[in-house]
Amino acid sequence: MLKNERYTTIYIRSVNYILTRSIYCRNYFRLLMERTESVHYMPQRILSEVQLPDFQDRPKKEGDILRTAEQLFMQFGYKRVTVEEICREAHVSKVTFYKYFSNKLAVLEDYLNERLKLGMETFQRISDAEASLQEKMQALVAMKQSAVSHFTPVFLSSLQSTDESVLILMEEWTRMGMDALKQFFQDAQERGEIYAEYSVDFLLHVWNVLGADARSEAITEIYGGDWVKLSTDFMNFLCFGTTGPPPEDN
């Protein structure tokens, strides 16, 4: 009976994940096409070429662990998943798990680092493209939309954890992103696309303050857990101010 219950649980989890993943993949491509159809060729070309990491370049068991962890994290959030559950669903022993990862946090860090690497590469391509600042800003909004739409709300909420190790990891992510953004602002200012009298550090400070507030419980309640809408409004406000993004060409 216990064995049958276990298989039933595995089956239900698999079906739930497939449904969840398919919904978020559809949302990812829908948002991607909505944004890229309305802007110029530059962001359409760059964003349409983005491939989410599948860890096929890793040893099979390591890849199985990462893919399984992603499934469980998206279903239940980071905090609720255990190493034992990852091992069971990935069909690997704990010995095999610890051959590749020191703990659950190491799995999360590896997974997020792959996503960060992808995001930074895409950001750099947008930054280097032959396009106006407005077009690049629109591409950054689309990139943020697409990235957030891939993650489930339960996973995103779990990353707002009070777990110090997770917070440190997310702070490192933020630092790397802000370094890239600072260079982006400086380059745009040198080209005369950003008001010369603005301090880049001031722009980054405003970005940080508003970003921290956007992650607050009060703001997430306003948006009813719709992280894609929250992310889009946040990016549009920071990029275009209270007037919002420019009208789209028909």
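Summary table below
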| read-out | value |
| --- | --- |
| Cβ crowding within 10 Å averaged over residues, with 136-143, 105-112, 201-208, 183-190 ranked highest first | 136-143, 105-112, 183-190, 201-208 |
| Net lengthening on full extension, residue 121/residue 83 (0.36 nm per residue, minus Cα-Cα) | 10.6 nm |
| Estimated distance in nm for a label pair at residue 217 and residue 196, the labels positioned 7 Å out from Cα along Cα-to-Cβ | 4.8 |
| Loop-located trypsin sites (Lys or Arg not before Pro) in the stretch 172-250 whose Cβ has at most 12 other Cβ within 10 Å (DSSP) | 191 |
| Kirkwood Rh in Å, taken over all unlike Cα pairs in the stretch 141-208 | 14.1 |
| Two-site label geometry, residue 175 and residue 210: point separation in nm, points 7 Å out along Cα→Cβ | 2.5 |
| Gyration tensor (alpha-carbon) shape descriptor, the stretch 101-161, a/c threshold 1.5 | oblate |
| Theoretical FRET efficiency, 1/(1+(r/R0)^6), r = Cβ-Cβ of residue 106 and residue 242, R0 41 Å, to 0.05 | 0.45 |
| FRET E, pair residue 99, residue 164, Förster distance 25 Å, beta-carbon r, rounded to 0.05 | 0.40 |
| Using θ = phi - 60° and Karplus 6.51 cos²θ - 1.76 cosθ + 1.60, couplings along the stretch 77-83 (whole Hz; Gly, Pro as x) | x, 5, 5, 7, 8, 10, 4 |
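Every read-out reported here was derived from the displayed coordinates using simple, explicitly stated rules and does not represent laboratory data. The shown structure was predicted, so the numbers you read here are calculated from the model rather than taken from an experiment. Don't worry about glycine lacking a Cβ; one is built from the backbone with ideal geometry, like all the others, and counts go over all protein chains shown.
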